[in-house]
Amino acid sequence: MAASSTSSSDAAPVALVTGASRGIGRAVAELLAARGHRVIGTSRDPDGVPPAERPAGVDLVALDLEDRESVRRCAAEAGPVDVLVSNAGRSQMGALEEVPGEAVERLFAANVLGPVELIRLCLPAMRERGGGTVVVIGSLMAEFPVPFQSAYAASKLALQGFVGSLRTEVRPFGVRVALVEPGDIRTGIQDHVERFEAEWSPYAPALALVSRRARAAVASAEPPAVVAEKVWSIMSTKRPAPVHFAGGDGAALAFAKRLLPRVAVERLVARRYGL
């Protein structure tokens, strides 16, 4: 089934995919381009992406989600879009007391404030044209917070609340909004995690253990293509559900979470990471 479009019948639907230079964003951008969309992808530094690593069939533009003016320029350059896939963001690891406050602020700017602003700027054209699709890429960590990633988990939980509220606001105008919460996905994200650890940290042994477990889980996980297919499925559905899971056993775990006491869920997560 083809994804719906609010563009004219003679033009390919336009998709804006943030964080399209690697990982999930790249997989989504290339899939949409292969299936007939004109895709605009974003990168913090498009000129720094080697030609061999540029997503096929995708036009790259600059976007720094931590810079409000950059977000405005990106929205203006993209123009009206049929689909916005909000994927870009930061990942962070460290004991909270050892993470600088400025780093937490940067993370929320990249994961919450910037994406919300970009969505806000894209909505008027969707509303005026009578339709559009916004897909936000969150994380299963919103359901199962992992130790030493408290700020990251909080940012993904914020996206969950944002999507849940926005859906009802824009539904009367034909705009669909949905959240994808991937589990572990083989993206190389562990190579780009912002890490904080004080010298002689009392948290060092536990942090090292969680880090090793996280790397092992990602190394054996499913590829980003499973998330891209989930995004396509949402785009092809008239009334997509609020939250969708991709990769691993996220759906089963989320269902089990509803049946278990919070303390039991907390212990399961701790046990998974060897704590």
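By its C-alpha gyration tensor, with a ≥ b ≥ c as the square roots of the eigenvalues, how is the stretch 118-275 shaped: rounded for a/c under 1.5, else prolate for a/b larger than b/c, else oblate?
prolate
For the chain, with the dipole built from +1 on Lys and Arg beta-carbon atoms and -1 on Asp and Glu ones, taken about the Cα centre, which of VAL135, ALA264, VAL83 lies farthest toward the positive end?
Toward the positive end, the furthest listed residue is ALA264.
Of the residues ALA252, ALA103, ALA33, which exhibits the maximal mean-square fluctuation in a Gaussian network model of the chain defined by a 10 Å Cα contact cut-off?
ALA252
Residues with amide H under 5 Å of VAL17's amide H, sequence separation 5 or more or different chain, H placed in the peptide plane at 1.01 Å from N; which?
Excluding prolines and chain starts, which carry no amide H, the hits are ILE40, GLY41, THR42, VAL85.
Calculate, in whole percent, how much of the Cα-Cα pair population of the stretch 140-233 lies beyond 20 Å.
The answer is 51 percent, as a whole percent.
Which whole-number percent gives the relative contact order of the stretch 69-128, counting Cα pairs below 8 Å spaced six or more residues apart?
Rounded, it is 58 percent for the stretch 69-128.
Just the number please: accessible area per residue for the stretch 162-275, 1.4 Å probe, all protein chains included, in Å².
Solvent-accessible surface per residue comes out at 58 Å².
So if each residue of separation counts as 0.36 nm, and I subtract the Cα-Cα distance between ARG267 and ALA52, what length gain in nm does that give?
Contour length minus the Cα-Cα distance gives 73.0 nm.
Taking only Cα atoms, what is the 0 to 90° angle, nearest 10, from helix 262-272's long axis to the longest principal axis of the chain?
Its long axis makes an angle of about 80 degrees.
Which stretch or stretches of the stretch 73-109 have amide N atoms under 18 Å from the point lying 7 Å from GLU199's Cα along the Cα→Cβ direction?
The answer is 98-100, whose backbone nitrogens lie closer than 18 Å to the label point.
Give the label of the value calculated from the structure for Cα extents along the principal axes in Å, choosing from (i) 61, 44, 31; (ii) 48, 39, 35; (iii) 73, 40, 35.
Correct label, based on the coordinates given: (i).
Between the helical axis of 23-34 and the dominant principal axis of the chain, each derived from Cα atoms, what acute angle in degrees is found, rounded to the nearest 10?
20
Please report the accessible area of LEU31 (heavy atoms, 1.4 Å probe, ligands and nucleic acids excluded) in Å², nearest 10.
30
How high is the relative contact order of the stretch 112-171, in percent, with contacts defined as C-alpha pairs under 8 Å that are six or more residues apart?
35
Defining a contact as two alpha carbons under 8 Å apart and six or more residues distant in sequence, what relative contact order in percent does the chain show?
20
Give me the angle, in degrees from 0 to 90, between the Cα long axis of helix 114-129 and the longest principal axis of the Cα atoms of the chain, rounded to the nearest 10.
20
Would you calculate a helix-derived [θ] at 222 nm for the chain, using -39,500 (n - 2.57) for each DSSP H run of n ≥ 4 and dividing by the full residue count, to the nearest 500?
About -13500 deg cm²/dmol.
If you stretched the chain out fully between LEU275 and ARG68, how much longer would it get, using 0.36 nm times the residue separation minus the C-alpha to C-alpha distance?
Full extension of this stretch gives 70.6 nm more.
Accessible area of MET93, 1.4 Å probe, to the nearest 10 Å²?
Taking all protein chains as shown, MET93 has close to 10 Å².
Which percent of the accessible area of the chain is formed by carbon and sulfur heavy atoms (probe 1.4 angstrom)?
Solvent-exposed carbon and sulfur of the chain make up 55 percent of the total.
The values are calculated or read from the model by the stated rules, or taken from the named source; none is laboratory data. Here the structure is a predicted model, which means the values were calculated and not measured. Backbone-built Cβ (ideal geometry, glycine too); neighbour counts: all protein chains shown. Note: accessible area is taken over every heavy atom of the protein model, side chains too, but ligands, DNA and RNA are not part of it. Shrake-Rupley method; radii C 1.70, N 1.55, O 1.52, S 1.80 Å.
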